[in-house]
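The values are calculated or read from the model by the stated rules, or taken from the named source; none is laboratory data. Being a predicted model, the structure only gives us computed values, none of them experimental. All Cβ positions, glycine included, derive from the backbone under ideal geometry; neighbour counts span all protein chains shown. For the accessible areas, the whole protein counts, side chains as well, though only heavy atoms, and no ligand, DNA or RNA atoms are used. Shrake-Rupley method; radii C 1.70, N 1.55, O 1.52, S 1.80 Å.
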Amino acid sequence: CKPNPEYYRELLRRLECPAEECLMVGNDAKEDMIAQSVGMKVFLLTDCLINREEADLSAFPQGGFDELLDYIQRENSAEG
């Protein structure tokens, strides 16, 4: 299971969906953001953030639910 990247690969296979079309939204910096390593887009919810290893979070789009909605709208606009 999480944070094993194979977990996400298996989900993609079962959904028959390319990683680039998926968005992993989660609040755990290690377990959820690892989805980026298989090509998925990620968004780190900072409400109730879990960052046990005090990782640098600057590489991830992040924020609360309002920022998540903005992010999704921007991504949809960019895709045309």
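For this structure, a couple of remarks:
- Condition met for V25 (within 18 Å of R9 (Cα to Cα), open to solvent by less than 30 Å² (accessible area, probe 1.4 Å) and not in a loop (DSSP other than H, G, I, E, B)): no
- Enumeration of residues in the range 35-80 that are closer than 21 Å to C17 by Cα, part of a loop (DSSP other than H, G, I, E, B) and either in contact with a Lys or Arg (Cβ under 7 Å, 6 or more places away or on another chain) or modelled with pLDDT of 95 or more (or both): G39, M40
- Some residue of the range 39-55 being of a type in the set (A, V, I, L, M), in contact with a strand residue (DSSP E or B) (Cβ under 9 Å, 6 or more places away or on another chain) and surrounded by fewer than 16 Cβ atoms within 10 Å (Cβ to Cβ): yes
- Cβ-Cβ under 6 Å pairs, at least 6 apart or on other chains, the range 67-80 side more than 17 Å from L45 (Cα to Cα), far side of a type outside the set (D, E, K, R) and open to solvent by less than 90 Å² (accessible area, probe 1.4 Å): none
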